[in-house]
1. Just to confirm the filter: which trypsin sites (Lys or Arg not before Pro) across the stretch 42-97 are DSSP coil and have at most 11 other Cβ within 10 angstrom of their Cβ?
2. What are the residues whose amide H is under 5 Å from the amide H of Ser37, where those residues sit 5 or more places off or on another chain and H is modelled from the backbone?
3. Would you work out the relative contact order for the stretch 8-111, in percent, from Cα pairs under 8 angstrom that are 6 or more residues apart?
4. Given labels modelled 7 Å from the Cα in the Cβ direction, how far is it in nm from Lys144 to Phe168?
5. Give the residue list of chymotrypsin sites (Phe, Trp or Tyr not before Pro) in the stretch 1-99 that are DSSP loop and have at most 16 other beta-carbon atoms within 10 angstrom.
6. Could you put Ile116, Ile4 in order of accessible surface area, largest first, with the 1.4 Å probe and the full protein assembly present?
7. In deg cm²/dmol and to the nearest 500, what is the mean residue ellipticity at 222 nm of the chain if only DSSP H runs of at least 4 residues count, each as -39500 (n - 2.57), divided by the residue total?
8. Within the stretch 56-76, name every residue whose backbone N is under 19 Å away from a label modeled 7 Å from Cα of Asn41 along the Cβ vector.
Amino acid sequence: MALILPLKGKTPKIGKNCFLAPNCTIVGDVEIEDNCSIWFNVVIRGDVNSIRIGKQCNIQDGAVLHCTYKKTQTILGDKVSIGHNAIVHGCEIENNVLIGMGAIVMDRSKIHKNSIVAAGSVVLEDTIVEEGSIFGGIPAKFLKKVDSKRADVFERTAKNYVKYASWFDSKIREI
């Protein structure tokens with residue numbers, strides 16, 4: 001069973017039809033909306049500030065979501081995919097964003113909608129990723145605009161992860 005820990009009077013709130021892997025950890029001031037999946041070895045630690053996760057998000061294996069004490073929250077919009085072993089720290093990520101495997105997104109960064117942060121990239125503090133952009137590298141820089149070949153990746157990935165979650169929990173429905 002997932003480890004869900006209240007802390008300092010705040011208990012994580014989990015929406016309907018969410019899959020929580022049995023070894024994920026969710027602590028403190030965390031709100032997760034409906035149809036999300038939190039995968040194996042994920043840590044979502046709302047101990048020093050709040051974390052908000054929108055609808056139909058997937059936080060993949062080994063990812064860590066955290067924030068900075070009294071300074072930054074972590075906010076994810078709807079249909080956000082956080083890749084395996086990514087670190088998302090004290091930043092805002094709008095709707096329909098893909099954060100690639102092993103990427104790091106740092107404090108006060110803002111990833112606008114319909115954007116991709118490439119696998120292994122490091123998005124430095126205060127970076128703004130404009131809508132529809134692909135950023136990559138260390139430090140992450142603008143590479144190109146999301147083209148029509150990639151435009152469906154956000155919806156497709158979100159739907160796929162709802163499906164994958166349903167394989168583990170019969171309460172998860174396909175969308």
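The values are calculated or read from the model by the stated rules, or taken from the named source; none is laboratory data. Just so it is clear, the structure is predicted and the values come from calculations on it, not from any experiment. Virtual Cβ from ideal backbone geometry, glycine too; neighbours counted across all protein chains shown. The accessibility values were calculated without ligands, DNA or RNA, using every heavy atom of the protein model including side chains. Shrake-Rupley method; radii C 1.70, N 1.55, O 1.52, S 1.80 Å.
1. In loop regions of the stretch 42-97 (DSSP not H, G, I, E or B), the sparsely surrounded trypsin sites (Lys or Arg not before Pro) are Lys70, Lys71.
2. So Ser37 has HN proximity to Phe19, Cys57, Asn58, Ile59.
3. Averaging sequence separation for qualifying contacts and normalising by length gives 19 percent for the stretch 8-111.
4. Going from the Lys144 label point to the Phe168 one covers 3.4 nm.
5. Phe40, Tyr69
6. In descending accessible area the options line up as Ile4, Ile116.
7. Helix contribution divided over all residues of the chain: -2500 deg cm²/dmol.
8. Under 19 Å, as judged by backbone N against the label point of Asn41, lie 58-66 of the stretch 56-76.
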